[in-house]
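Working notes for the structure below.
The values are calculated or read from the model by the stated rules, or taken from the named source; none is laboratory data. Source: prediction; values computed, not measured. All Cβ positions, even for glycine, are placed from backbone atoms using ideal geometry, and neighbour counts span all protein chains on display. In case anyone asks, the SASA skips ligands and DNA or RNA and just uses the protein heavy atoms, side chains included. Shrake-Rupley method; radii C 1.70, N 1.55, O 1.52, S 1.80 Å.
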Amino acid sequence: MKITLRQLQIFLAVAQSGSTTAAADLVALSQSAASAALNELEHLLGVQLFDRVGKRLVLNDSGRQLLPQARHMLDAAQTIERQFSDPEAGSELHIGASTTIGSYMLPAMIAAYRKDHAGARVRALVANTADIVDAVVNFEVDAGLIEGPCHADDVEVEPWMMDELIVVAAPRHPLVKSGRKITLKRLREAEWLLREAGSGTREAVEHALIPYLHHLPSSFEFGNSEAIKRATAEGLGISCLSRAVVEDMIESRKLVELDMPLPTLRRHFYMVVSRHRAPSPSLGALLDFCRSWAQRQQPG
């Protein structure tokens, strides 16, 4: 076998960066060595893997065909290295979580996991749902916990746990102060504070509310739920967020849960892994722990 893991590593670096110069920096090689390795790989396969578009290298059909296989091979090699390089220190796992999960659930989960797996090391990436799915697809994390639907083809998606969404406002907000019954008409006229596009919470809120409100006018958009709940407490508008996010401010009476003329709003959280990832005992143990942790959190 003449294809090397180093060649595949350089191929992936070029696919990510768009040039052999940038790829060389990623893999700590000279530009000439990276270019030579890519040329040799293309020669061995008998195909070009990139189209030259100006100064950029863009994956062509052959390159896209090789991409998941190259990722799978390198991931398997990295799994072997992690498993045997320092057995006493335990494994290292990279987990991604979308922002609500990462900010309000993941710290407690990791702490509980470390109690049962003292040697395990866990690195966490917290970003919006779309970015976490991309990180799973690109093998930047071993698994992802997301709070919105996943539209990628190269991942396996498993329903993980249920989350309740509630609508909240500041105590001095007109919907609260008036004492009048909250109607759909009044909700349609309200100013809503929403997450940014690409957020799982944004997509889940729109999916839950638009069938009743028909549209969801956004007065302000924020990059995380913490900013939304604080802006809501300042009276800038109303918001629909996970109960886990706002329960502290409800308890301190900085926010009020609105009595909605709607059924209970729920959404699924999901667990995602790459279809091309080589399974490992440590990753399997982490996923099993996530499943059991979620079951313990569900009411009833």
* **Restricting segment 265-300 to residues that are hydroxyl-bearing (Ser, Thr, Tyr) and either within 18 Å of the chain's Cα centre (by Cα) or closer than 19 Å to Pro149 by Cα (or both), the residue that is least open to solvent (accessible area, probe 1.4 Å)** => Ser274
* Asked: Since Lys181 meets every condition but one in (1) touching a helix residue (DSSP H, G or I) at 6+ places or on another chain (Cβ under 6 Å); (2) in a loop (DSSP other than H, G, I, E, B); (3) within 30 Å of His215 (Cβ to Cβ), which condition does it not meet?
  -> (1)
* To do: For Val133, state whether it is of a type outside the set (Lys, Arg), buried (at least 16 other Cβ atoms within 10 Å of the Cβ) and modelled with pLDDT under 90.
  => no
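Residue-wise test of (1) among the acidic types (Asp, Glu); (2) over 30 Å from Leu74 (Cβ atoms); (3) without any contact (Cβ under 8 Å) to a residue 60 or more places away in the chain; (4) in contact with a strand residue (DSSP E or B) (Cβ under 7 Å, 6 or more places away or on another chain).
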site	(1), (2), (3), (4)
His151	no, no, yes, no
Glu156	yes, no, no, yes
Trp160	no, no, no, yes
Val167	no, yes, no, yes
Arg172	no, yes, no, no
Thr183	no, yes, no, no
* To do: Please determine, by comparing only the residues of segment 115-130 that are small (Gly, Ala, Ser) and more than 18 Å from Trp160 (Cβ to Cβ), which one is least open to solvent (accessible area, probe 1.4 Å).
  => Ala120
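Does segment 246-261 contain any residue that is within 21 Å of Ala97 (Cβ to Cβ) and of a type in the set (A, V, I, L, M, F, W, C)? Show your work before the answer.
Within segment 246-261, the subset within 21 Å of Ala97 (Cβ to Cβ) is 246-248.
Pick out the ones that are also of a type in the set (A, V, I, L, M, F, W, C) and you get 246.
Yes; the residues of segment 246-261 include at least one that is within 21 Å of Ala97 (Cβ to Cβ) and of a type in the set (A, V, I, L, M, F, W, C).
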* Structure fact -> For segment 74-85, pairs from a residue that is open to solvent by 90 Å² or more (accessible area, probe 1.4 Å) to a residue that is modelled with pLDDT under 70 and of a type in the set (Gly, Ala, Ser), with Cβ under 9 Å and 6 or more apart or across chains, are Gln83/Ser91
* Considering segment 270-292 alone, what residues qualify as being touching a residue at least 12 places away in the same chain (Cβ under 8 Å) and assigned to a loop (DSSP other than H, G, I, E, B)? -> Arg275, His276, Arg277, Ala278, Ser280
* Structure fact -> Going through segment 145-189 in order, the residues found to be at pLDDT below 90, more than 15 Å from Gly200 (Cα to Cα) and within 24 Å of the chain's Cα centre (by Cα) are Asp153, Asp154
* All but one of (1) acidic (Asp, Glu); (2) in a loop (DSSP other than H, G, I, E, B); (3) touching a strand residue (DSSP E or B) at 6+ places or on another chain (Cβ under 6 Å) hold for Asp259, so report the exception by its number. => (3)
